[in-house]
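Reading through the structure tokens given below for one structure.
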Amino acid sequence: MRKQRWILALTLVFALAAAACAAPVKGGLLRFAMIDEPPSLDQQLVTSDLGTMIAQHIFEGLYCFNAKYEPVPLLVKTEDIQDGGKTVVLTLREGVKFHNGKILDAGDVIASLTRWSKFGTRGPVLFSNIDKMEQIGQDQIKLTFKQPFAPWKNLLAFTNGGPVVYPKAVAEKADKGFIPPEEYIGTGPYKFAEHNPGRYISLKRFDEYVFRTEPEDGYAGKREALFDELRFIPVPDPGTRVNGVKAGDYDFAEQLPGDLYESLKADSSVRTTLSQGATQVFLFANSSAGVLKDNYKLRQALLAALNIEAGQAAAFGPRGLWILSGSLMPDTTPWYSEAGIKNYNVHDVALAKKLAQEAGYKGEKIRYMTTTSYQYNYDYSTVMAQNLRDAGFNIDLQVYDWATLVSKRADPEQWDLFLTAHGFIPEPALFTFISEAYPGWWKTEQKRSLTKEFSETIDPVKRKEIWEKIQTLVYEEIPVMKSGFHYVYYLYSPKIEGVGDSALIWPKFWGIGFGK
Amino acid sequence: MLAYIAKRTISMIPSLILTSLLVFSFIHMIPGDPAAVMLGDNSTPEQVEALRETLGLNRPLYVQYGIWVRGLFRGDMGQSIFFHQPVLKVIGDRAETSVFIALISIVMIILVGVPIGIVSAARCNTGMDQFLSGASMFFASVPTFWLGLNLMYLFAVHLKWLPTSGFPSILESGDWSNLRYLVLPCLTLVAPNSALIVRMTRSSMLDVARADYVKTAYAKGLCESAVTLKHIFRNSLISVVSVLGFTFVGLMASTAVTETVFSLPGVGRLIVESVLRRDYPIIQGIILIVALMYMIVNLVVDLIFAFLDPRIRI
């Protein structure tokens, strides 16, 4: 008995010592090898993932997502929802400091939201439902909706192209232009230090950062910056990013080849972590002009021909990095559903030919645009195009660089299908194909009525039911043909502690640091 | 000689005007919009239009060209759309890397390529010549990205003698030890370019070796080395110098692959990235500067010709 106690005590001591050694400590420079440089860190305007990954350390919004992708307060202290969801009064936390020393107040929030509502990428989605925004005293904001609008909190929590808060003077001066680097002033745990083009973007720890008191939970809770400096370095070649981490020249790297995943996972000189932010690729159909306009049977024929599994294997590498799933939202979210997905990944050439015949298809040319700017788009497209040709479709695969594709897709007369990736979103209202302005221009009566009902319903259970109807409609009218889900992985130095097995949508550099 | 230089310099002006017009027209003919690229996939048409207005991209092309040319006369090449900084500053920052790479590489290319070319020509059709010619063909054919990654794996990852990538500024830090970052990139560039110089020196020397004055030199009883170096090598230098001049400019501006592999902030990578981003002012600026460099190098090469071959001066 006594011996057992000794063993237990010794085990406990060793466990505590190991934990203490593994605990990250304050200090050090983190060198992050990134694929390119972002065009701007102005989060209200830019939706580049690269920009968000960096800017989330500088700028904060009223809400953010926890580990379950639920929106929870960040700059907000309390919320008061009145009038059946038509009115919301938000009270700000006290004493929150901007990097220039100014204390955050409701005036800053009003100015930032006003700019975002006019020029922000996702601002109009929220503000087309808001009747009035008012400042009450120094620290309160009142939002009055035209009718109850369920996704408001999700939209306020999503940083990418989202409503981050700038000082009033900065937001008002910037107007529709990009905020210049010298005015990258936020309330986040790191402050902007320098952009040396072609070499790095540097952020320094903001020592006067005012923490939330809750424990860290996803992007929410206590955001404790441990590194002295974060340096984001453009390293365009994936082989160099891998070699750089192995050689100790970089501490963290992103966008790595899927084919190397298994060998890097087994390599003791480095560590890997998977992103939970499931991405997918969408093959958009043109609903405004061309051979696919209003011809849903023909779209179903195209869908029946696709071998999604083969496409994903070609584009993303080993199975650990992707899954097959017909659901539009991943199973890490409450929106996951298998409603209407029976026609996903059937890869039935005979069925495709039969449906094409019923649709009256006579071998007209189907123009399919893709890009080599993102290798996986091209790799996936070569498989999809071959599947479609095998089923008798006359596919004209047009390969462009990304800038040309973006320019051409704006003209409905120039294409029938185009492929693009869609990053993780926590709220289905943010899907690009839901917007009637996005190329593809899906705007049938049934879609309009369901999406209206979806945004006006507050009850989460009823919202899920409506979303399932929308997903079923997506598989009937086929504005997009989706892949499964793809998970990117990151490579990092074993010297870093606290990263864990998986990152959220974008890796964050608070709460982690170098080990002792 | 001064009159010759002045005449050549003045003749550059119409070439530069024509280049500026062609560059501007061609770039704006390519589809693609910098505002849409910068704002990302989720941007709305209204948002793109608002940014186009802010950047002045919604003005007629002739107005944009006029503004650009007016700026050129004041030494202002405009503002980079992507970096929000003056074009000359962005190019200037990148020029440091490119100048160092070009200078180190060209010296190494001369030191490696020319002597091997001379030996190869002097030992023409021997086992030594076949070995050197074979080796130079091998290095001329190896893709630079493959060679670069392998050198990186050996010297940086495995042996840990040198850094994998990047190049911290020497001008900003004053730290000349940063030159170690350029060792592997320069080796990657020296291999194929030296091979070219080896081939050029060899073939040029073999051509000259058939000339009558070489036979006369031998007939006079001069020794082998004196004939090879003084009569054959010097006269064969004209074509070698010409290639070296253009290799130097190529090393300044056309090394995008090597700069990408070693993550170097050089001019070559900047031009490729700017084309993908449709950063028109940067593309226009670089092409104009590179065109000017080619013209100047052409002039310098012509002057060296005149020095090497007195007949040209007549």
Report summary line: Given unit charges at Cβ for Lys, Arg (+) and Asp, Glu (-), the dipole magnitude of the protein assembly as shown about its Cα centre in debye, nearest 20, is 1640
Report summary line: Here the net charge surrounding A:THR47, from other residues whose Cβ is less than 14 Å away from its Cβ (Lys, Arg +1; Asp, Glu -1), is -2
Query - FRET efficiency estimate (nearest 0.05) - Cβ-Cβ, B:MET29 to A:LYS452, R0 35 angstrom - result: 0.20
Query raised in the report: Residue by residue, what Karplus-based ³J(HN,Hα) values in Hz, rounded to whole numbers, does region A:55-63 have, using 6.51, -1.76 and 1.60 with θ = phi - 60° and x for Gly and Pro?
Result: 5, 4, 7, 9, 10, 10, x, 5, 10
Query raised in the report: Expressed as a whole number of Å, what is the distance separating the alpha-carbon centroids of region B:9-45 and region A:181-230?
Result: 37
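GluC sites (Glu not before Pro) within region A:38-131: which are DSSP loop residues with at most 12 other Cβ atoms inside 10 Å?
A:GLU94
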Query raised in the report: Name the trypsin sites (Lys or Arg not before Pro) in region B:187-222 that are in a loop by DSSP and that have at most 16 other C-beta atoms within 10 Å, would you?
Result: B:ARG210, B:LYS220
Query raised in the report: Considering the dipole of chain A built from charges on the beta carbon (Lys and Arg +1, Asp and Glu -1) around the Cα centre, which of A:GLN56, A:SER337, A:THR240 is farthest to its positive end?
Result: A:SER337
Query raised in the report: What pairs in A:LYS191/A:LYS452; A:LYS176/A:LYS365; A:LYS26/B:LYS160; A:LYS173/A:LYS482; A:LYS173/A:LYS452 have C-alpha atoms more than 32 Å from each other?
Result: A:LYS191/A:LYS452; A:LYS176/A:LYS365; A:LYS173/A:LYS482; A:LYS173/A:LYS452
**Report entry** Calculated on alpha-carbon atoms, Rg and Dmax of the protein assembly as shown in Å
**Finding:** 31.0, 112
**Report entry** Normalised contact order of chain A, rounded percent, pairs of Cα under 8 Å and 6 or more residues apart
**Finding:** 21
Query raised in the report: What does the charge add up to near A:ILE35, with Lys and Arg as +1, Asp and Glu as -1, over the other residues with Cβ less than 14 Å from its Cβ?
Result: -3
**Report entry** Net +/- balance of residues flanking A:PRO180 in space, Cβ distance below 10 Å, scoring K and R +1, D and E -1
**Finding:** -2
Requested in this report: Quick one: dipole size for region A:401-458, taken about the Cα centre, charges +1 on Lys/Arg Cβ and -1 on Asp/Glu Cβ, in debye to the nearest 20.
Outcome: 40
Report summary line: Listed by chain and number, the residues whose amide H is under 5 Å from that of A:TYR63, excluding neighbours fewer than 5 places away on the same chain and using placed H, are A:LEU74, A:LEU75
Report task. Any chance you could run the full-extension gain for A:GLU445 through A:GLU214? It's 0.36 nm times the residue separation minus the Cα-Cα distance, nm to one decimal. Result -> 78.6 nm
Query raised in the report: Out of residues 5 or more away from A:HIS99 or on other chains, whose amide H comes under 5 Å of its own, with H placed 1.01 Å from N in the peptide plane?
Result: A:GLY186
Query raised in the report: Dipole of region A:399-516, Cα-centred, from +1 at each Lys and Arg C-beta and -1 at each Asp and Glu C-beta, to the nearest 20 debye?
Result: 440
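Taking the number of other C-beta atoms within 10 Å as the exposure measure, put A:THR272, B:THR188, A:THR372 in order starting with the fewest.
So the ranking, lowest neighbour count to highest, is A:THR372, A:THR272, B:THR188.
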Query raised in the report: Are there trypsin sites (Lys or Arg not before Pro) in region B:61-147 that DSSP puts in a loop and that have at most 13 other Cβ atoms within 10 Å, and which ones?
Result: B:ARG74
Report summary line: Taking the dipole of region A:400-516 about the Cα centre (Lys, Arg +1; Asp, Glu -1; charges at Cβ), the one of A:TRP506, A:PRO460, A:TYR400 that reaches farthest to the positive side is A:TRP506
Query raised in the report: On a 0 to 90 degree scale, rounded to 10, what angle separates helix A:106-119 from the longest Cα axis of chain A?
Result: 20
Requested in this report: Any chance you could give the angle, 0 to 90 degrees and rounded to 10, that helix A:460-477 forms with the longest Cα principal axis of chain A?
Outcome: 40
Requested in this report: For chain B, set up a Gaussian network in which alpha carbons nearer than 10 Å are linked by springs, and say which option among B:THR258, B:THR247, B:THR54 fluctuates the most.
Outcome: B:THR54
Requested in this report: Just rank A:LEU417, B:LEU292, B:LEU162, fewest to most, by other beta-carbon atoms within 10 angstrom.
Outcome: B:LEU292, B:LEU162, A:LEU417
Query raised in the report: For B:MET1 and B:VAL99, what does the FRET efficiency come to when R0 = 30 Å and r is the distance between their Cβ atoms, rounded to the nearest 0.05?
Result: 0.65
Query raised in the report: How far apart, in nm, are the 7 Å Cα→Cβ label points at A:ARG319 and B:TRP161?
Result: 4.4
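Where a number appears in this text, it was derived from the coordinates with a stated rule and is not lab data. Given the structure is predicted, the values throughout are model-derived calculations rather than measurements. All Cβ positions, glycine included, derive from the backbone under ideal geometry; neighbour counts span all protein chains shown.
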